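**Q** Below is the structure I would like to discuss, written out as structure tokens.
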Amino acid sequence: MPFRLRLRYLRRWPVLVGSLLVVGAAVAGTVLLTGGRPAGADDSPNRPLLSAKCRFVAMGHQDTCVRELQLRLKQAGLDLDVDGAFGPFTQMRVVVFQLLAGLEPDGVVGDGTKRALYAGRVKAHPWSPERVDRRVREVFTEDADRADGIAKCASNLDPLYSLGNTNGTRNWGVFQLYDGTLRELGGTPRKALDPEWNIQAAHRLWARTHDFRAWPSCDKAYQAGASKSGTSKGPKGKPEPSATP
């Protein structure tokens with residue numbers, strides 16, 4: 001090789017080495033940030049929700065990705081039908097899972113929620129409907145039948161029930177305590193998912209007026225049913241201002 005060509009090559013050598021080092025560092029950093037996998041790697045079959053196929057899992061979808069989501073929610077102790085259809089009940093379970101996992105409870109199945117589902121750190125142990133029914137009657141000794149009827153109407157005695165409102169707030173737990181009511185009672189959504197706390201808080205709310213005006217729709221339904229069966233209790237024709245939206 002002529003001397004001048006060798007000299008030009010040697011001058012470029014440090015630049016080439018430097019470029020290779022930069023590329024190597026970038027690749028290493030990417031691997032570290034993605035847990036040892038190249039960015040965009042397909043996590044299936046062990047974690048199909050993180051695969052490209054399941055990138056979007058949302059309300060209205062009906063596919064194997066939704067079925068995988070439901071299976072993971074069920075394994076976390078959130079009972080639901082595993083039918084592959086993403087409806088309101090599945091979204092409700094997603095919201096509750098997110099709350100228990102310390103995530104924003106927005107019902108959106110993003111990467112954070114997917115990874116938390118596979119981490120397996122959330123394991124709910126909800127009370128059975130029979131246990132909830134028994135405890136409601138023990139706490140509401142003043143009007144056990146009515147309280148039990150309202151709890152059945154509000155949540156079907158499901159301590160992990162949660163419904164959203166049009167203004168962005170939610171109701172939580174056995175007695176579907178509204179976000180604003182929770183703050184008044186010194187509680188949080190997470191506390192409201194504890195059936196013992198929820199039932200006791202509902203009784204404190206009842207004790208303010210000694211009636212069930214905080215649950216106007218369910219109380220109306222209870223009274224209508226009781227009237228048909230000839231066992232109606234409590235005052236009638238009395239206005240019931242709502243303590244919930």
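None of the figures in this text is laboratory data; all of them are computed from the coordinates on show. Predicted model only: the values in this text are computed from it and were never measured. So basically every Cβ, Gly included, is an ideal-geometry build from the backbone, and we count neighbours across all protein chains shown.
**Q** Using a simple spin-label model with points 7 Å from Cα along the Cα→Cβ vector, what separation in nm is obtained for K123 and E104?
**A** It works out to 3.0 nm between the two label points.
**Q** Which order do the peptides 167-175, 54-62, 112-120 come out in when sorted by mean C-beta neighbours inside 10 angstrom, highest first?
**A** The peptides rank, most packed first, as 167-175, 112-120, 54-62.
**Q** G107: net charge of surrounding residues, Cβ under 14 Å, Lys/Arg +1, Asp/Glu -1, itself excluded?
**A** Overall, the nearby charge balance is +1.
**Q** Another question, if that's okay. Please give the FRET efficiency for E130 paired with A58, using the beta carbon to beta carbon distance and R0 = 41 Å, rounded to the nearest 0.05.
**A** The pair E130/A58 has a calculated efficiency of 0.75.
**Q** Let me ask something else. Could you tell me the largest-minus-smallest coordinate of the C-alpha atoms of the range 106-161 on each of the three principal axes, in descending order and whole angstroms?
**A** If we take the Cα atoms of the range 106-161, the spans are 47, 19, 13 Å.
**Q** Contour minus end-to-end for A221 and N46, with contour as 0.36 nm per residue of separation and end-to-end as the Cα-Cα distance?
**A** Additional length available on full extension: 58.3 nm.
**Q** Right, next: Using the Cβ atoms and a cut-off under 11 Å, what net charge is assigned to the surroundings of L177, where Lys and Arg are +1 and Asp and Glu are -1?
**A** With Lys, Arg at +1 and Asp, Glu at -1, the net is +2.
**Q** If packing is taken as the mean number of other Cβ atoms within 10 Å per residue, what is the order of 82-90, 123-131, 158-166, highest first?
**A** The most tightly packed comes first, giving 158-166, 82-90, 123-131.
**Q** Here is a further query. In the structure displayed, which of K191/K228; K114/K191; K74/K152 lie more than 26 Å apart, Cα to Cα?
**A** Beyond 26 Å: K191/K228.
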